[in-house]
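Heads up, the thing below is written out as structure tokens.
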Amino acid sequence: GSGSKPDKRDHYLIWNQGSVQAKGQLTHLFQELFGEFGKRKITNNEGLVFGSGSVLLANRENNQITLMPESQWDAVLSGKTLSRAQAVEVRLPSLQGQEASLSGLYIDEQDRLWFTASVELREESIYDGGIAGSFLGFVEPQIWKQALPRAEDPDGLLHEREFRPTQIWLAQGKPWKMESIVVKGKRAYC
């Protein structure tokens, strides 16, 4: 699920070859993320992607991507606590005085981390608002993979890193809101 409210955000569904394989709730994960960050708001998780043995979860509220090994994600799905993860702040451009907010994530065949981000004109990030525009960009694998948690890192959620996109473009024309992305070859579908 996505969004800022638990009734929409905290559910998951695993779909496998035309049928539901598993479903459940991730309330415990989001409670752990809220608690680890203390004063930081973690309220609007949007993008989720698997790649290079890792899981990345995008948070629209504060432009953070939480990275963890895929084995850690499997443990979380089975109800275990989050033992090791890294949250990285992504620096994005602004439009009309507001920073863009992360939405969709995708890892392509070259391990580039693609993303969409939109600027919504609103008072609170948990509400939808008018669209000032959207961005499409990517981060090279050597940058985002440096943020993956390592065995020697302490347990818990680390959050002292940040990075900037390798390349970013503003969607031209009408101010679109792009939320999802898939990249095939030299084309990005948003």
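The values are calculated or read from the model by the stated rules, or taken from the named source; none is laboratory data. As the structure is a computational prediction, the values presented were derived from the model and not from experiment. Cβ sites come from the backbone with ideal geometry, for glycine too, and all protein chains shown count toward neighbours. Quick note on the areas: whole protein, heavy atoms, side chains included, nothing else; ligands and nucleic acids left out. Shrake-Rupley method; radii C 1.70, N 1.55, O 1.52, S 1.80 Å.
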Q) Say each of residue 8 and residue 152 gets a label point 7 Å from the Cα, pointing the same way as Cα to Cβ; how far apart are those two points in nm? A) 4.3
Q.
At 222 nm, what value in deg cm²/dmol follows for the chain if DSSP H runs of at least 4 each add -39500 (n - 2.57) and the sum is divided by all its residues, to the nearest 500?
A. -3500 deg cm²/dmol
Q: Quickly rank 113-122, 70-79 as a protection proxy: mean count of other C-beta atoms within 10 Å, highest first.
A: 113-122, 70-79
Q: Express the carbon and sulfur contribution to the solvent-accessible surface of the stretch 63-190 as a percent, rounded to the nearest whole number, probe 1.4 angstrom.
A: 48
Q: Only residues of the stretch 70-102 count here: report those whose backbone N is under 19 Å from the spot 7 Å along Cα→Cβ of residue 20, or say none.
A: 77-79
Q) Taking the highest mean first, how do the peptides 10-19, 159-168 order by number of other beta carbon atoms within 10 angstrom per residue? A) 159-168, 10-19
Q | Once the Cα gyration tensor of the stretch 93-190 is diagonalised, semi-axes √(5λ) in Å | A | 26, 19, 11
